[in-house]
Structure formats: C-alpha cells, structure tokens
Amino acid sequence: MLTNQDEIRERIIQIRKERGLSQNQLAKDFGISRTHYCNVENGKKPVTESFLKVLASGYKIPMEAFIPNENGDLMQYCKCTNDFVNAMRSLNKDNEEKRIIQLGDWTGGGSGLPFSSELPNGWSVRFSASPHFDKNKQPLEEGIEPDIAINMSESDQLKHKDTLIEKAFEILSE
C-alpha cells in the first residue's frame, strides 16, 4: 500500500477541485464507481496504485503528481530533467572532448509514455509504450548516469556550502 495516504488524498481532492469536477462527475468520466471513489477520498478505503493510475490516465498527468515526497512537497516530474539532460548531452560531438558534463546523481528517468495493466492474477505490469533513447540509441527509461557523481556532503551542509556548485566551479576553472 502507498504511504502518505492522507497527503495523497488531499492531493486527489485538490486536483479534482482545480479541474472543477464533482465526485459524481469524476467517477462517471473516469469509469469509477461513485461509491468507491467517495470511499477512497473520504479515507474509508486506501488509495492504491491502480486507483492512482486510473486518475492519472483520466487527467492525463503523471501518477507522481499525486504523491508527495519525504518533505511533503509534490514530486517534480522526472521526465523534464531526463529530457533536458539528454538534449544537452546531444550537443557533445562524438569525436571531441565533452562540452556538456552532468554532475550530481542519476536523473529520474521516465521519458516514455507509461503503459500499465493489471493481470488476472492481480499482478501489475508496467512498461513504456514509447521508449526514448539518446543519440547513441541507449535507453533513457531508467535515467541518465552522471559523468561525475557527487552527493552533498554532511560537512558541507553544516557549512552551508553546496558541494555540487563547488565542483562545477572547480571544473570551469580548469
């Protein structure tokens, strides 16, 4: 079961209201039983991954839009970062020294259009219906590995120093 049930419910209600939909209208438009939808929204039934998939599909937004991160903030869409890094890396010419260098951690992936379904035995299957690749035909679904992996060090955090920016300055100064 998904954690942060209350926060996810709040987001489900917020998105429904932002779209100007009543519970009845949403249930009808998305092919969900009104009773089931109301029970989920009111906390009488848990929010499940398959339920969020139906809502995400109906709203045409990523499922992650409903899920807050550990800080309570909504997850940002990994796809944008993935696409940006891929576009920037494509500027590097194969026979030249790299002009674009990715510092930090892996991107979140998720460039393709997700397809998911539940099998008769209750298992879920999910794959990309439109996989994305870089210019070298390498898949981007799992994210893009950084050229230089850097994590924020605890000692730098205590000094209010950004390890990533400091490394970027170092590289630019070479």
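The values are calculated or read from the model by the stated rules, or taken from the named source; none is laboratory data. All figures in this text were calculated on a predicted structure; none of them were measured in a lab. Note: ideal-geometry Cβ built from the backbone for every residue, glycine included; neighbour counts use all protein chains shown.
Among the residues of region 141-159, those that are more than 10 Å from Gln102 (Cβ to Cβ), surrounded by 12 or more Cβ atoms within 10 Å (Cβ to Cβ) and charged (D, E, K, R) comprise Glu141, Glu142, Asp156. Quick one: is Glu64 modelled with pLDDT under 90 and surrounded by 14 or more Cβ atoms within 10 Å (Cβ to Cβ)? So Glu64 passes the test.
Taking first residues from region 8-19 that are closer than 18 Å to Pro46 by Cα and partners that are crowded, with 17+ Cβ neighbours inside 10 Å and among the acidic types (Asp, Glu), the Cβ contacts under 7 Å between residues at least 6 apart in sequence or on separate chains come to Arg9/Glu41; Ile12/Glu41; Ile13/Glu41. Restricting attention to region 85-102, does a residue exist that is at pLDDT below 85 and surrounded by 13 or more Cβ atoms within 10 Å (Cβ to Cβ)? Within region 85-102, not a single residue is at pLDDT below 85 and surrounded by 13 or more Cβ atoms within 10 Å (Cβ to Cβ).
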